[in-house]
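Peer 1: The structure follows.
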Amino acid sequence: MALTNNKYITDWVAAQAELCKPDEIVWIDGSEAQLAEIRGEGFRTGELIKLNEEILPGCVYHRSAVNDVARVEARTFICCEREEDAGPTNNWMAPDKMKAMLRGIYDGAMRGRKMYVIPYAMGIVGSPFAKYGIELTDSIYVVVSMAIMTRVGTDVYDAIQGDEFIKGLHSKAELDAEKRYIVHFPQENTIMSVNSGYGGNVLLGKKCFALRIASCLGRDEGWLAEHMLILGVQNPAGEVRYVCGAFPSACGKTNLAMLIPPEAYREKGWKCWCVGDDIAWLRPGPDGRLWAVNPENGFFGVAPGTSKKTNPNALASAMKNSIFTNVVLKPDGTVWWEGMDKNPPHGALNWKGEPWDPESGEPGAHPNSRFTAPAKNCPCISPEFDNPAGVPISAIVFGGRRAKTAPLVYQSRDWAHGVFVGSIMASEKTAAAEGKVGETRRDPMAMLPFCGYHMADYWQHWLDMEAKIAHPPVICNVNWFRTDDAGHFLWPGFGDNLRVIEWVLKRAFGEVDAVETPIGYMPRPEDIDIEGSGVDLETLRGLLTVDPDLWKTEVAGIREFYAKFGDKLPAKLRAELDALEARLQ
Ligand code: GTP
Ligand code: SPV
Ligand code: MN
């Protein structure tokens with residue numbers, strides 16, 4: 001029975017059911033009793049595997065299809081009326097044409113299955129900044145994942161006014177990669193995802209809604225939907241300052257968001273708080289500062305590389321009521337992945353479900369295997385996590401994986417230059433999306449796969465935000481991934497990144513000087529605290545060098561990238577690029 005009288009909702013659900021033809025419609029109420037029942041059904045169908053109740057209470061295991069393990073950017077579409085509004089970085093098709101094609105794929109796709117109706121909120125239900133969605137899905141994995149990643153419950157129906165909700169239709173269909181589509185209709189607040197069962201393609205509240213659709217809402221309503229972590233840094237005086245960080249997929253957001261200060265910092269009283277690890281919605285506040293909320297309720301984190309040493313808070317978060325996808329399944333009903341420890345298990349199954357020999361040289365976990373964990377489990381979750389107003393942001397850091405060009409840190413000269421710094425972000429590609437790993441690609445603001453409209457209009461929107469923010473955060477670029485000639489990382493990363501964030505926050509409060517360079521302001525080496533980091537002053541000096549020749553090549557690369565945007569490229573960004581080039585001469 002429908003759990004709402006809202007006719008916009010019931011009519012829409014009925015129409016989708018008529019198309020997909022499920023055997024049954026199940027209205028999700030968010031209760032633990034119902035979720036337990038659905039997990040039970042998942043165990044019976046094999047969609048879920050129960051894990052060791054003693055060691056991993058409430059945890060389940062899930063495998064996605066072997067050809068369905070990452071976001072599919074080539075099959076992700078923005079279907080607005082005019083092609084030029086999607087821009088050169090998005091795939092586009094006319095909405096009517098796309099809908100006609102999708103109808104053929106969805107027709108009868110849920111036969112023999114149940115269709116679940118999931119009411120969810122991005123943000124705190126009933127708060128002024130919350131937005132609501134309803135996802136229809138034939139996947140039990142999606143139901144249990146959405147219950148972790150978002151706020152699911154019948155109170156969402158009461159909060160929805162009329163037709164003000166994002167409509168999401170997902171079907172696994174046949175999991176046919178040739179008919180896999182992740183489609184957004186920003187003008188109709190609609191998302192359609194079909195033939196995939198992988199998180200980023202099917203948990204529609206996340207990238208599809210909270211970034212692609214929300215970026216369009218933010219443009220229209222005067223705010224920003226960003227691919228950013230939100231971190232609170234408490235200094236020995238007890239003051240908490242907040243920083244947002246935009247890094248491309250699998251480039252360190254979850255790790256920075258849950259950072260544990262180096263021992264010497266902890267002894268002095270430093271502490272870090274996690275507000276969000278992937279998405280931030282940023283609004284100018286009445287006090288002229290920029291305020292951030294994390295619209296999510298859980299973490300969908302990269303498993304490989306997560307260990308007691310690198311990110312104990314993430315590991316602790318996933319020890320109960322969590323989902324593990326495409327990792328190694330051990331005979332004792334626990335899990336393992338590369339980089340968890342140095343003891344790969346024997347007698348285990350790999351991410352494909354095959355017996356796995358750790359000596360085979362093949363990884364046991366997929367490089368994009370993930371854990372899905374409730375944010376509340378995180379030992380360092382911020383006391384402000386549920387604050388509907390969010391937290392005031394003092395600094396924004398952009399960053400990516402750059403082996404050579406980008407120094408450890410530099411600060412933009414002002415807001416417009418900061419927007420320029422975000423727009424020229426580049427990173428070596430990771431396993432989070434399909435395609436060749438390692439190639440350098442431009443990924444402006446880490447939003448290349450997630451901006452729901454023309455990227456140049458998005459930059460203009462960023463530039464226009466300046467007028468609304470009397471006290472803007474400082475904008476910096478960081479790079480934890482610089483390597484020596486043998487390919488080894490020069491910077492220890494992880495908890496030691498606080499050493500750099502400390503400098504960034506000091507800059508935000510005018511507490512430290514900087515050196516002016518052609519690319520922006522940089523620290524004097526002695527202003528980065530390296531005591532106990534294992535990094536010597538010489539290495540730090542190296543990490544802070546800017547090679548003019550590399551940067552001249554960089555300028556040429558940026559020019560080529562900017563050329564894609566033609567006349568739409570904001571004049572201010574072109575001027576910033578010209579000014580950078582001039583300073584490099
Ligand atoms: P998405 O969830 O895809 O958006 O990724 P993310 O940006 O949250 O990346 P995450 O923190 O999960 O890190 C991805 C990978 O980068 C993991 O294997 C980490 O161990 C590694 N990593 C994170 N931070 C650092 C760092 O400071 N230095 C080095 N060398 N590696 C890091
Ligand atoms: C990313 O790829 O940036 C992720 C994982 O956070 S996914 O939800 O698959 O997009
Ligand atoms: Mn992400």
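The values are calculated or read from the model by the stated rules, or taken from the named source; none is laboratory data. Just so we're clear, the structure is a prediction, and the values are computed from it rather than from any experiment. Heads up, the Cβs are rebuilt from the backbone with ideal geometry, glycines too, and the neighbour counts pull from every protein chain shown. Heads up: the accessible areas ignore ligands, DNA and RNA and are worked out on the full protein's heavy atoms, side chains in. Shrake-Rupley method; radii C 1.70, N 1.55, O 1.52, S 1.80 Å.
Peer 1: When you look at Ala65, is it exposed (fewer than 13 other Cβ atoms within 10 Å of the Cβ) and among the hydrophobic types (A, V, I, L, M, F, W, C), yes or no?
Peer 2: On the way: exposed (fewer than 13 other Cβ atoms within 10 Å of the Cβ): no; among the hydrophobic types (A, V, I, L, M, F, W, C): yes.
It is false that Ala65 is exposed (fewer than 13 other Cβ atoms within 10 Å of the Cβ) and among the hydrophobic types (A, V, I, L, M, F, W, C).
Peer 1: In addition: Tell me, yes or no, whether the stretch 35-51 has at least one residue that is over 30 Å from Leu315 (Cβ atoms) and assigned to a loop (DSSP other than H, G, I, E, B).
Peer 2: no
Peer 1: Take the residues in the stretch 423-437 that are open to solvent by less than 40 Å² (accessible area, probe 1.4 Å) and part of a loop (DSSP other than H, G, I, E, B), then tell me which one is nearest to ligand 2 (Cβ to nearest atom).
Peer 2: So the first thing to find is which residues in the stretch 423-437 are open to solvent by less than 40 Å² (accessible area, probe 1.4 Å), and the list is 423-427, 429-433.
Filter once more, keeping what is part of a loop (DSSP other than H, G, I, E, B): 424-425, 429-432.
Numbers: Ile424: 20, Met425: 14, Lys429: 11, Thr430: 8, Ala431: 9, Ala432: 4 Å.
The qualifying residue nearest to ligand 2 (Cβ to nearest atom) is Ala432.
Peer 1: A further question follows. How do the pairs read when you match residues in the stretch 493-515 that are open to solvent by 10 Å² or more (accessible area, probe 1.4 Å) with residues anywhere that are within 15 Å of ligand 1 (Cβ to nearest atom) and among the aliphatic types (A, V, I, L, M), using Cβ under 6 Å and keeping only pairs 6 or more apart or on different chains?
Peer 2: Gly495/Leu259; Gly495/Ile260
Peer 1: Quick check on Asn343: is it under 26 Å from Glu73 (Cβ atoms), more than 15 Å from ligand 1 (Cβ to nearest atom) and open to solvent by 10 Å² or more (accessible area, probe 1.4 Å)?
Peer 2: no
Peer 1: If you check Gly435, Gly399, which single one turns out to be within 15 Å of ligand 3 (Cβ to nearest atom) and touching a residue at least 12 places away in the same chain (Cβ under 8 Å)? Give the derivation first.
Peer 2: Numbers: Gly435 fails: within 15 Å of ligand 3 (Cβ to nearest atom).
After applying the criteria, what remains is Gly399.
Peer 1: Condition first: surrounded by 15 or more Cβ atoms within 10 Å (Cβ to Cβ), of a type outside the set (Val, Ile, Thr) and not in a strand (DSSP E or B). Now tell me which residues in the stretch 4-27 satisfy that.
Peer 2: Our first condition is that a residue be surrounded by 15 or more Cβ atoms within 10 Å (Cβ to Cβ); within the stretch 4-27, this holds for 4, 6, 8-9, 12-13, 16-17, 19-22, 25-27.
Narrowing the set further to residues that are of a type outside the set (Val, Ile, Thr) leaves 6, 8, 12, 16-17, 19-22, 27.
Result: Asn6, Tyr8, Trp12, Gln16, Ala17, Leu19, Cys20, Lys21, Pro22.
Peer 1: Let me ask something else. Just checking, does the stretch 279-286 include any residue being more than 19 Å from Trp462 (Cβ to Cβ), open to solvent by 10 Å² or more (accessible area, probe 1.4 Å) and either in contact (Cβ under 8 Å) with a residue 24 or more places away in the chain or within 16 Å of ligand 3 (Cβ to nearest atom) (or both)? Break it down into steps so the answer makes sense when it comes.
Peer 2: First, the residues of the stretch 279-286 that are more than 19 Å from Trp462 (Cβ to Cβ): 286.
Among the residues that remain, those that are also open to solvent by 10 Å² or more (accessible area, probe 1.4 Å) are: 286.
Next, only the ones that are either in contact (Cβ under 8 Å) with a residue 24 or more places away in the chain or within 16 Å of ligand 3 (Cβ to nearest atom) (or both) stay: none.
No, the stretch 279-286 has no match at all.
Peer 1: Of all residues in the stretch 369-405, which are open to solvent by less than 20 Å² (accessible area, probe 1.4 Å), touching a helix residue (DSSP H, G or I) at 6+ places or on another chain (Cβ under 9 Å) and more than 14 Å from Ala280 (Cβ to Cβ)?
Peer 2: Phe371, Thr372, Ala373, Cys378, Cys380, Gly399, Gly400, Thr405
Peer 1: For Leu217, state whether it is under 20 Å from the mean Cα position of the chain (by Cα), surrounded by fewer than 23 Cβ atoms within 10 Å (Cβ to Cβ) and more than 16 Å from ligand 2 (Cβ to nearest atom).
Peer 2: Numbers: under 20 Å from the mean Cα position of the chain (by Cα): yes; surrounded by fewer than 23 Cβ atoms within 10 Å (Cβ to Cβ): yes; more than 16 Å from ligand 2 (Cβ to nearest atom): yes.
Spelling it out, Leu217 is indeed under 20 Å from the mean Cα position of the chain (by Cα), surrounded by fewer than 23 Cβ atoms within 10 Å (Cβ to Cβ) and more than 16 Å from ligand 2 (Cβ to nearest atom).
Peer 1: Residues that are more than 15 Å from ligand 2 (Cβ to nearest atom): which helices (runs of 4 or more DSSP H) entirely in the stretch 243-357 hold 2 or more of them? Show your work before the answer.
Peer 2: On the way: elements: 253-257, 263-268, 312-317.
Hits in the stretch 243-357: 263-268, 312-317.
Let's see how each residue does on (1) acidic (Asp, Glu); (2) within 15 Å of ligand 1 (Cβ to nearest atom); (3) under 20 Å from Ala318 (Cα atoms):
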| position | (1), (2), (3) |
| --- | --- |
| Lys206 | no, yes, yes |
| Ile213 | no, no, no |
| Asp220 | yes, no, no |
| Val233 | no, no, no |
| Ile260 | no, yes, yes |
| Glu263 | yes, no, no |
| Gly269 | no, no, no |
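Peer 1: Consider Phe398 carefully, then state whether it is outside any loop (DSSP other than H, G, I, E, B), aromatic (Phe, Trp, Tyr), more than 20 Å from Tyr242 (Cβ to Cβ) and within 19 Å of the chain's Cα centre (by Cα).
Peer 2: Working: outside any loop (DSSP other than H, G, I, E, B): yes; aromatic (Phe, Trp, Tyr): yes; more than 20 Å from Tyr242 (Cβ to Cβ): no; within 19 Å of the chain's Cα centre (by Cα): yes.
Spelling it out, it is not the case that Phe398 is outside any loop (DSSP other than H, G, I, E, B), aromatic (Phe, Trp, Tyr), more than 20 Å from Tyr242 (Cβ to Cβ) and within 19 Å of the chain's Cα centre (by Cα).
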